[in-house]
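Comments concern the structure below.
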Amino acid sequence: MMKKHSYKSIFFTIFAAFLISHHVIAQPGAIRDSGELQIALNKLTTLGSVLYIGAHPDDENTAVLAYLVKGKKYRTAYLSLTRGDGGQNLIGSEKGVEIGIIRTQELLEARNIDGAEQYFTRAIDFGYSKTAEETFNFWDRGKVLADMVWVIRTFCPDLIMTRFPPGQSGGHGHHAASALLALQAFKAAADPAQFPEQLKFVKPWKTRRIFANTFRIEQGDKNPLIRVNVGEYNPLPGKSYTEIAALSRSMHKTQGFGAAGRRGIQYDNFVLVDGDPASNDLFEGIDTTWNRIPGGQRTGKMLQKILKTFDPQNPSKSVPDLLAVYEELNKLQENEWVAVKRQELLKIIQSCAGLWIEAVSTGFSAVPGEQVPFRITMVNRSDLPLKLGKVSCPECGFTSLENRDLADNVPVTVENTLHIPAACPISQPYWLEEPFSEGMFSVSNQRMIGLAENPPSIRILVTVSCGGLFLEYPAPLIFRWTDRVDGELYRPFEIRPPATCNFNENVCVFGNNSSKKITVGIKSHASNISGLLRLSGTDSWKVEPKTIPFSIAEKNGEQQVTFTLSPPENFGEAVLVAQAEINGKTYDRALVEISHPHIKKQVYFPQSSIKTVKLDSPMPGGKIGYVMGSGDEIPGALHSLGYDVALMVDEMLAAGDFSSFDAIITGVRAYNTREILKATQSRLLEYVRNGGTVIVQYNVPSGLLMGNFGPYPFTIGNDRVSVETAPVSFIKPDHPLLQVPNRITAADFDGWVQERGLYFATQWDEHYEPVLSCHDPNEPDRKGGMLYARYGKGVFIYSGYAWFRQLPAGVPGAYRLFVNMISSGKNQ
């Protein structure tokens, strides 16, 4: 008879089940191949755990994670303090919370490969930071520490490892902060006086020891050092752990971290920072067998017997013995290991039986209150006497008793309809549901903190019986389709609001008092949506008409409506929000869909808003040629200013006529990513010589396609100014870039976001004139952020200032100075 469990135990079981299965939400089945199945079986016998801690999504040592999971069979997780929201993006224009969403999914894809689990805190990656002290000006140190303690208390690691050693920056203030906080959390998690509010759900946890996974051995370091060969070869996956690591690390595509597999011996170093002494083995003195669980010796012996008799050619033969282990687990006192191993065992039984389970909807989304047809498909690919017991959906109050045999390789389907509750929340990433600050997300629900992503919006539970034992498998509701190129694809089922409103641009800039047309696209997420659309905001901006009616018959249909917006007489800024009134309720959400081949599709519903800026300066206008690099939003910002912007494709760069452009601008990382520039650079310089203006935005010094892309030599370095409020001085106050057509003052550098600039020039030919200078606290002046050179009849400018952040954010002074750069050739 199964024991009754406390509320805490039930919560832990559910929590552990979600954590272990979080990385298969968008795909059904989860049937392991024979190699992975044998690794999983061995892992059942091992009760050791490691929590690896870093600051960003790309800080983890994937070779160590693969070694720990697939080699030593330890339960292993990576805790990234941030989601990488402040990072750059090599594959698209997303930034801020959107790149944070992408990098979250990149980490989950990486974990699919190396086998580890994934956690986060509420800290936001606000951009590059040079010291831990600066980092804590943005992060709420107490809340980040609380989150780390919560993760330790829920994951219950035997060991903690940090990517960066305490007391060293690791090249980034966030890195230093992560190491400092990890040591604090290591101690605080065991202290019941620390964060006692968490103890309603979890118990204090004492981790045995904490290591720093050092890059190199420091001379004079007297702390115990343990070396581990992570280059070992594992015949089950057919790869070394360093080869697995390369595949895992290559998922960080937004950061350009594609990696080559390394083969052969490779040692990683671990220095003991605190905790129980260890000199020969990471788990020295820690029992990692079932003997650590009261009454668990019998379970361990049963599993060892299964390992000896396991037949990879016929894994279903092990299922009866695995079911016996499942029954044995139900006799044990519930704790963190019993809950985790029960979920691991369920997945192994499913794989041994070849049991395919999928829950597919006829569409990819629904609105609260809608009826959703769905189909469950199950295939038992073994001769085991399996039965389908019942199908249920807790979120929708649905239960169907089936009692159907699952014969060998005969598909069984259940078709029915779910009623989505009217109070069902939309599929918003949980960390974006509440307003947040520059440095911290706000999450009120304690039990959501730490999770990599939301639980499935709709979850179907399938009960399968075998030999009188009932097993429950979750099947996230998904949408499946077939692509003519990529074949069978899946995406998570989403709950959406009845309608979303998207402005055609994020920022609208006015250079004079003339009105502009503002277009809003309304998208329906249910059939027969109608209502009124209005723009709410400040009274100083005149919107006509006040409301516009809309009516959309088909689901996923769209309608464009246009308002006329007139600016105030004087300089001003405002934020206007689109509001759709439908059946007496107001909806003000936009729809952002994020799609990249290496991650599952993502949606995000921010407030539907547009920033409007009235400048008190002339905007000359003209025609711009824009060479897109890794992706940015500057072309749209320039279009809003009134410029005619042409995106220059390879054919235009190779053979097009440049003479019609008032200026040609290369986007961020263009000389890192656009191969065509090597062949056409001479044409761009000829354009400058003949009187044109070329503006080159920042490029990364590593991976440049050519040694020099200016008319005269200059060198890009790693200099950057990360403090966005750092004072900017004018090296030559009378320089044309600071005078025409806009007179630039210190006020034009107010309101900048995230940083001043990055990848400034460090050396340059005397023909270049540095124009601006700024620096972070306690550092020398950085003068290479804007270099100006006359070449023939034209002008060449290199600028590492972060225009790609400032213009989309609607920073008025950034627009004024950018216009001066565009106009510089005409005004020399």
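Straight-distance candidates among the lysines for linking to Lys600, with alpha-carbon spacing under 17 Å and chain neighbours fewer than 8 residues away dropped: Lys253.
Do any trypsin sites (Lys or Arg not before Pro) in region 722-828 lie in a DSSP loop with no more than 16 other beta carbon atoms within 10 Å, and if so, which? Counting only loop positions with at most 16 other Cβ atoms within 10 Å, the trypsin sites (Lys or Arg not before Pro) in region 722-828 are Arg743, Lys793. For helix 97-114, report the angle its Cα long axis makes with the longest principal axis of the Cα atoms of the chain; keep it between 0 and 90° and round to the nearest 10°. Taking the Cα atoms of the chain, the angle to 97-114 is about 40 degrees. The charge dipole of region 419-488, taken about its Cα centre with unit charges on the Cβ of Lys, Arg, Asp and Glu (plus for the first two, minus for the last two), comes to roughly 260 debye.
Can you classify region 276-342 as rounded, prolate or oblate using the Cα gyration tensor, where a ≥ b ≥ c are the square roots of its eigenvalues, rounded means a/c under 1.5, and otherwise it's prolate if a/b beats b/c and oblate if not? Oblate, because a/c is 1.5 or more while a/b does not exceed b/c. For region 316-383, carbon and sulfur atoms together expose 49% of the accessible surface, with a 1.4 angstrom probe and every protein chain in place. Amide H contacts for Arg262 (H built 1.01 Å from N in the peptide plane; partners 5 or more residues away or on another chain; cut-off under 5 Å): Glu243, Ala246. Cross-link partners of Lys793 among lysines, defined as those whose alpha carbon lies under 22 angstrom from its own and excluding same-chain residues fewer than eight positions apart: Lys623, Lys732, Lys826. Straightening the chain between Asn512 and Arg447 buys 18.3 nm, computed as 0.36 nm per residue apart minus the Cα-Cα spacing. For region 777-828 and region 54-131, what is the separation of their C-alpha centers, rounded to whole Å? Between the Cα centres of region 777-828 and region 54-131 lies a distance of 33 Å. Per residue, region 499-604 exposes 48 Å² of solvent-accessible protein surface, assessed with a 1.4 angstrom probe and all protein chains in place.
Per-atom-type breakdown for region 532-655 gives carbon and sulfur 48% of the accessible area (1.4 Å probe, protein chains only). Available extension along the chain between Phe571 and Phe470 is 29.4 nm, counting 0.36 nm per residue and deducting the alpha carbon span.
Computed from backbone phi, the HN-Hα couplings of region 614-622 come to 9, 8, 9, 8, x, 10, x, x, x Hz, rounded to whole numbers (Karplus: 6.51 cos²θ - 1.76 cosθ + 1.60, θ = phi - 60°; Gly and Pro given as x).
Based on protein heavy atoms only, region 36-106 ends up with 14 Å² per residue of surface accessible to a 1.4 Å probe. Helix 141-155 and the longest principal axis of the Cα set of the chain meet at an angle near 30°.
Between Gln343 and Glu284, full extension at 0.36 nm per residue minus the direct alpha carbon distance yields a gain of 18.5 nm. At a probe radius of 1.4 angstrom, the accessible area of region 633-744 per residue rounds to 40 square angstrom. Compared with the dominant Cα axis of the chain, that is its longest principal axis, helix 173-188 is turned about 30°.
Measuring between their Cα centroids, region 668-746 and region 396-449 lie 49 Å from each other.
Normalising the average separation of contacting C-alpha pairs (under 8 angstrom, six or more residues apart) by the number of residues puts the relative contact order of the chain at 10 percent. Taking the DSSP beta bridges with both ends in the chain, the antiparallel portion is around 70 percent.
For region 658-757, GluC sites (Glu not before Pro) are listed when DSSP marks them as loop and at most 13 other Cβ atoms sit within 10 Å of their Cβ; the list is Glu675.
In loop segments of region 537-631 as defined by DSSP, the GluC sites (Glu not before Pro) with at most 12 further C-beta atoms inside 10 Å of their C-beta are Glu554, Glu569.
Would you mind classifying region 714-775 by shape? Square roots of the alpha carbon gyration tensor eigenvalues, ordered a ≥ b ≥ c; an a/c under 1.5 is rounded, otherwise it is prolate if a/b is larger than b/c and oblate if not. It comes out oblate by the Cα gyration axes.
Annotation for His596 and Asp276: the two label points, set 7 Å from Cα along the Cα-Cβ direction, are 4.1 nm apart. Taking one equal scatterer on every alpha-carbon of the chain, how large is log10 of I(q)/I(0) by Debye at q = 0.05, 0.06, 0.10 1/Å? For the chain at q = 0.05, 0.06, 0.10 Å⁻¹, log10 I(q)/I(0) is -0.31, -0.45, -1.17. Computed about the Cα centre, the dipole magnitude for the chain is approximately 1480 debye when only Lys and Arg (+1) and Asp and Glu (-1) carry charge, each at its Cβ.
Scanning the chain for cysteines with no neighbouring cysteine C-beta under 4.7 angstrom from their C-beta gives Cys156, Cys352, Cys424, Cys466, Cys501, Cys508, Cys774.
Placing unit charges on the Cβ atoms of the charged side chains and taking the dipole of the chain about its Cα centre, the candidate lying farthest along the positive direction among Gly642, Val325, Cys393 is Val325.
Each residue, Lys203 and Tyr267, gets one label point 7 Å from its Cα in the Cβ direction; the gap between the two is 3.9 nm.
Once backbone amide H atoms are built at 1.01 Å from N, Val627 has Met648, Ile665, Thr666, Gly667 as its partners under 5 Å, excluding neighbours fewer than 5 places away on the same chain. In summary, the lysines within cross-link reach of Lys308, defined as a Cα separation below 26 angstrom excluding same-chain residues under 8 places away, comprise Lys43, Lys70, Lys72, Lys73, Lys239, Lys317, Lys331, Lys341, Lys347. For region 568-674, the gyration tensor built on C-alpha atoms gives an oblate shape. Its axis ratio a/c (a ≥ b ≥ c) is at least 1.5, and a/b is not larger than b/c. Here region 120-243 exposes an accessible surface that is 51 percent carbon and sulfur, computed with a 1.4 Å probe and the other protein chains kept in place.
The values are calculated or read from the model by the stated rules, or taken from the named source; none is laboratory data. All values derive from a computational prediction rather than experimental measurement. As a convention, Cβ positions derive from the backbone with ideal geometry for all residues, glycine included, and neighbour counts pool all protein chains shown. Remember, those area values only see protein heavy atoms, side chains included, never the ligands or the DNA or RNA. Shrake-Rupley method; radii C 1.70, N 1.55, O 1.52, S 1.80 Å.
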